[in-house]
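Here is the structure we will look at, set down as structure tokens.
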Amino acid sequence: MPIFDCDVHCVPESPAALFPYLPEQWVEFMKNTGFKGPGAVGTTYPSWLSMLETRGSEITLERVRAEVLSDAAGALLNCYYGVEAFTHPYYGPAIATAVNRWLAAEWLDRDPRLLGCAVVTPQHVPAAVEEIERVAEDPRFVSILVPARAPVPYGTERYWPIWEAAADKGLAIGITFGGATGTPPTPVGWLSSYWEEYVAATLAFQSHVASFAVCGLFDRRPDLRVVIHESGWTWLPGLCWRVDQEWRALHREVPWMDGAPSTYVRRYIRFTTQPIDRPAGRGQLRQVIDQLGMDRLLMYSSDFPHEYEAGNEALFGELSDEEAARVRWETAAECYGLADRLAAAVA
Amino acid sequence: LAIRIPEQQSRAARTKPGIIDCDVHNGLASPAALKPYLASRWYPYYDQGSHIGHKGQAGQVVGTRPAPHFYRKDAMPDEGVAGSDYGLLREQLLEGLNVVKAVLSPLDSTAWVPYGDLGAALVAALNDWMIAEWLDRDDRLTGAVSITVEDTAAAVAEIERVGSDARFVAVLIPIQTREGLGHPKYWPIYDAAVAHDLRVILHVGGMSGTHLATGFPTYFVEQHSGYSQVYGTQVTSIVYSGALDRYPGLDFVLEEGGVAWLPATLWRLDRTWEAMAAHAPHLERRPSEVVRERFWLTTQPFDEPEETRFVPQLLEQLGMNDRLMFSSDYPHWDFDDPARVLPVSLIGKELHEDIFRRNAERCFSFGATS
């Protein structure tokens, strides 16, 4: 069974790389303002931390071919570029469009095994919808991408036009690690270090999972898929138990739900495998997998070029052949429609 | 589906030889009940509602809640709010459930203005009310000291004023503070708590300016389950800060935060500690070891797995059988019944006795209660 890698990072080496894909007025604006690239990429993936370092100059197609596509039959590119941080309602979306055009021209055009996530601006809803309609013309885009950090959970109604536009075009909603929205990254504000923020980074994902599970969007759009990228994911059983328990007492508040929140998670939300916040105790990773009721929840990712110790090896050591095949390929194939999108490349 | 309600008598019998309840909420029957303990110069402010912190905008999802109030309906006395009538609390909790020691945390202060002279006067009045109307009445009752958490000097002064009364066993801090609880502004509170041999209880309440890692949610079901995020962040902040090294006698008790969020938080803390060792050299020990030595955890709301077989797994992953303590959250709507939660049939007699009595005896230095 082949492998599909659901989370491979790339990023323009410098803003100049985007110039060919930006309208002239914004190129000039970038030059005038001395734009050196989005700070959000550096605060999400600090250059001082080798585990997460994400440098455009070092992420080349040659390396992706050698280190990712050597094992995987296909890969999904995640070009996080901090577009959520731009309050400007025209400049921010123009940069998002440029990133997606750059991704298509510099990566997707050069290797048919590559598929893309299109970055969109959740803070500018109409522009995000327009960008979804534009990228959907290109079948190599199979998902949109927004960051985990957000001013309110993503099930909040203000975002629904974005998610429904994605559903209309058959695109998944990818939510990726980090982000920069100016709002505090923890429930008690700004802590003192990246170390603490990194530990707390799972919390924003938890907000979105709970929010999507109860908000009613899936009841309206059962064709929608949400993919959680780079979340650590072993927190999921505990979250499901808690939200399910609350829902049993509070279900009158969300009367559209036809089952417990965890049933929505299992139907509509998927998680990429790396990194894994692994239990220390013997046998406990298998316990977590059993607790997930993992039929089709996890999808393989290398998270290239991020370097985590032994997460995937430990996971696959716990899976039956049948489970491993689902994680390596089948779940992603269903989620992204790989049979159509990658058919030529895999054949 | 028929629901069987056990008889009061058999319920008490099932909780023999007596249990300790670490999270019980007594409260003011009405605002007027505080006035005998409050200097009259504060009445105009109090009567006008100036004491309501955040002006009632403490992150509640407006208009949706589990009931007309947050209480068990059967715990409402004839007059006043649930938890305000000692007689009813004694009947339903102490005698009804055979509770031999209870830790009272009145939550009034967690909604009050958390700094300033008015705030300080109010918590002093509340602590005096606690002594006169509760601790003096029944040997089974112990309490947590209410403080103005965002006003360190006043908080320390209040701990020094009442903290030597041995019936106070803890300091009460609302979980949603303006800064992470590792912030040095809070350290003098920890210093005072240690000096008076008080644990530090972290309980739902307060106002940080936000609610989740992603601002305010839409629904109460999200908001209430989201408290686990606040607890996870506070544990992280405290562990990173070095406060636990500075104050060797400092022990935190996590109350009403749930349980199931903690194992994965420990795994994340440990992975971060390993991956970023060069960037936090002051953290000499594995965070999970530190948490298991310095934090206690109460059971309610026990976020019960959908399959019973996962409960022992959860407890194993938590690795805190010697630090987990029963709490009912009486008289709140999501009260956990000790006759139903974590039954002997599921966790065995020894562990049941640890969770329902012996761990709390050690945590709060109660000595043997049976």
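The values are calculated or read from the model by the stated rules, or taken from the named source; none is laboratory data. Everything numeric here is computed off the predicted structure, so don't read it as measured data. Every residue, glycine among them, receives a Cβ derived from its backbone with ideal geometry; neighbour counts consider all protein chains shown. Remember, those area values only see protein heavy atoms, side chains included, never the ligands or the DNA or RNA. Shrake-Rupley method; radii C 1.70, N 1.55, O 1.52, S 1.80 Å.
Step by step: first the residues of the stretch B:291-305, then only those that are of a type in the set (D, E) and within 11 Å of chain A (Cβ to nearest Cβ), then the one that is surrounded by the fewest Cβ atoms within 10 Å (Cβ to Cβ). Which residue is that? Working first, answer last.
Restricting attention to the stretch B:291-305, the residues satisfying the condition of being of a type in the set (D, E) are B:293, B:303-304.
Then drop every residue that is not within 11 Å of chain A (Cβ to nearest Cβ), which leaves B:303-304.
Numbers: B:D303: 24, B:E304: 20.
Within the stretch B:291-305, the match that is surrounded by the fewest Cβ atoms within 10 Å (Cβ to Cβ) is B:E304.
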### Message
Can you find, within the stretch A:179-198, the residue that is farthest from the other protein chains (Cβ to nearest Cβ) among those that are open to solvent by 10 Å² or more (accessible area, probe 1.4 Å) and outside any loop (DSSP other than H, G, I, E, B)?
### Response
A:E197
### Query
Just checking, which of A:D340, A:D277, A:D290, A:D295 is farther than 30 Å from B:R72 by Cβ, touching a Lys or Arg at 6+ places or on another chain (Cβ under 8 Å) and surrounded by fewer than 16 Cβ atoms within 10 Å (Cβ to Cβ)?
A:D295
### Query
Failed condition for A:R63, given (1) within 30 Å of A:D340 (Cα to Cα); (2) within 19 Å of the chain's Cα centre (by Cα), with all others met?
(2)
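Is it the case, given these coordinates, that B:S208 is within 7 Å of another protein chain (Cβ to nearest Cβ) and open to solvent by less than 10 Å² (accessible area, probe 1.4 Å)? Give the steps one after another, and end with the answer.
Numbers: within 7 Å of another protein chain (Cβ to nearest Cβ): yes; open to solvent by less than 10 Å² (accessible area, probe 1.4 Å): no.
Considered against the rule, which asks whether it is within 7 Å of another protein chain (Cβ to nearest Cβ) and open to solvent by less than 10 Å² (accessible area, probe 1.4 Å), B:S208 comes out as no.
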#### Entry: Residue that is farthest from A:A314 (Cα to Cα), among those in the stretch A:267-284 that are within 17 Å of the chain's Cα centre (by Cα) and more than 11 Å from chain B (Cβ to nearest Cβ)
A:Y268
### Task
Scan A:A148, A:A172, A:A166 and give me the residue that is surrounded by 21 or more Cβ atoms within 10 Å (Cβ to Cβ), hydrophobic (A, V, I, L, M, F, W, C), more than 14 Å from chain B (Cβ to nearest Cβ) and under 13 Å from the mean Cα position of the chain (by Cα).
A:A172
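Yes or no, residue by residue, for (1) touching a residue at least 40 places away in the same chain (Cβ under 8 Å); (2) over 18 Å from B:S237 (Cβ atoms); (3) more than 19 Å from the chain's Cα centre (by Cα):
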{"site": "B:V149", "(1), (2), (3)": "yes, no, no"}
{"site": "B:R161", "(1), (2), (3)": "no, yes, yes"}
{"site": "B:Q176", "(1), (2), (3)": "yes, no, no"}
{"site": "B:M207", "(1), (2), (3)": "yes, no, no"}
{"site": "B:T218", "(1), (2), (3)": "yes, yes, yes"}
### Message
Can you say whether A:D109 is open to solvent by 30 Å² or more (accessible area, probe 1.4 Å), under 20 Å from A:L217 (Cα atoms) and free of Cβ contacts under 8 Å to residues at least 60 places away in the same chain, as far as the supplied structure shows?
### Response
no
### Query
Cβ-Cβ below 8 Å, separation at least six or inter-chain, first residue in the stretch B:285-313 and without any contact (Cβ under 8 Å) to a residue 60 or more places away in the chain, second in a loop (DSSP other than H, G, I, E, B) and among the acidic types (D, E): which pairs?
B:R294/B:D251; B:T299/B:D336; B:P301/B:E256; B:P301/B:D329; B:P301/B:D334; B:P301/B:D336; B:F302/B:D336; B:V311/B:E304
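Restricted to the stretch A:175-200, and to residues that are among the aliphatic types (A, V, I, L, M) and farther than 21 Å from B:M207 by Cα, which residue is farthest from the chain's Cα centre (by Cα)? Walk me through how you get there before you give the answer.
So in the stretch A:175-200, the residues among the aliphatic types (A, V, I, L, M) come out as A:175, A:180, A:188, A:191, A:199-200.
Then drop every residue that is not farther than 21 Å from B:M207 by Cα, which leaves A:175, A:180, A:199.
Numbers: A:I175: 4, A:A180: 15, A:V199: 18 Å.
Here the answer is A:V199.
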### Answer from B:V311, B:V344 - the residue that is among the hydrophobic types (A, V, I, L, M, F, W, C) and in contact with a His (Cβ under 6 Å, 6 or more places away or on another chain)
B:V344
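Got a sec? Which of A:R158, A:R134 is away from chain B (no Cβ under 14 Å) and at pLDDT 95 or above? Spell out how you get there, then give the answer.
Working: A:R158 fails: away from chain B (no Cβ under 14 Å).
Of the residues listed, the single one that is away from chain B (no Cβ under 14 Å) and at pLDDT 95 or above is A:R134.
Name the residues in the stretch B:94-119 that are among the hydrophobic types (A, V, I, L, M, F, W, C), open to solvent by less than 30 Å² (accessible area, probe 1.4 Å) and part of a helix (DSSP H, G or I), would you? Spell out the reasoning first.
Within the stretch B:94-119, the first condition is being among the hydrophobic types (A, V, I, L, M, F, W, C), and the residues that meet it are B:94, B:97, B:99-100, B:102-104, B:107, B:111-113, B:118.
From what's left, open to solvent by less than 30 Å² (accessible area, probe 1.4 Å): B:94, B:97, B:99, B:102-104, B:112, B:118.
B:L94, B:L118 - these are the residues of the stretch B:94-119 that are among the hydrophobic types (A, V, I, L, M, F, W, C), open to solvent by less than 30 Å² (accessible area, probe 1.4 Å) and part of a helix (DSSP H, G or I).
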### Task
Identify the single condition in (1) crowded, with 19+ Cβ neighbours inside 10 Å; (2) outside any loop (DSSP other than H, G, I, E, B) that B:E353 does not satisfy, given that it satisfies every other one.
(1)
### Task
Please identify the pairs in which a residue from the stretch B:40-54 that is closer than 13 Å to B:W112 by Cα has its Cβ atom under 9 Å from the Cβ atom of a residue that is among the charged types (D, E, K, R) and open to solvent by less than 70 Å² (accessible area, probe 1.4 Å), counting only partners at least 6 apart or on another chain.
B:Y46/B:K35
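Just the residues that are among the acidic types (D, E) and closer than 24 Å to A:L285 by Cβ, please, taken from the stretch B:262-303.
Initially, the stretch B:262-303 is screened for residues among the acidic types (D, E), giving B:270, B:274, B:284, B:289, B:293, B:303.
Passing the criteria: B:D270, B:E274, B:E289, B:D303.
Okay, residues lined up against (1) more than 27 Å from B:E307 (Cβ to Cβ); (2) modelled with pLDDT of 95 or more:
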| site | (1), (2) |
| --- | --- |
| A:T272 | no, yes |
| A:R282 | no, no |
| A:L285 | no, yes |
| A:V288 | no, yes |
| A:E307 | yes, no |
| A:R326 | no, yes |
| A:T331 | no, yes |
| A:A345 | yes, no |
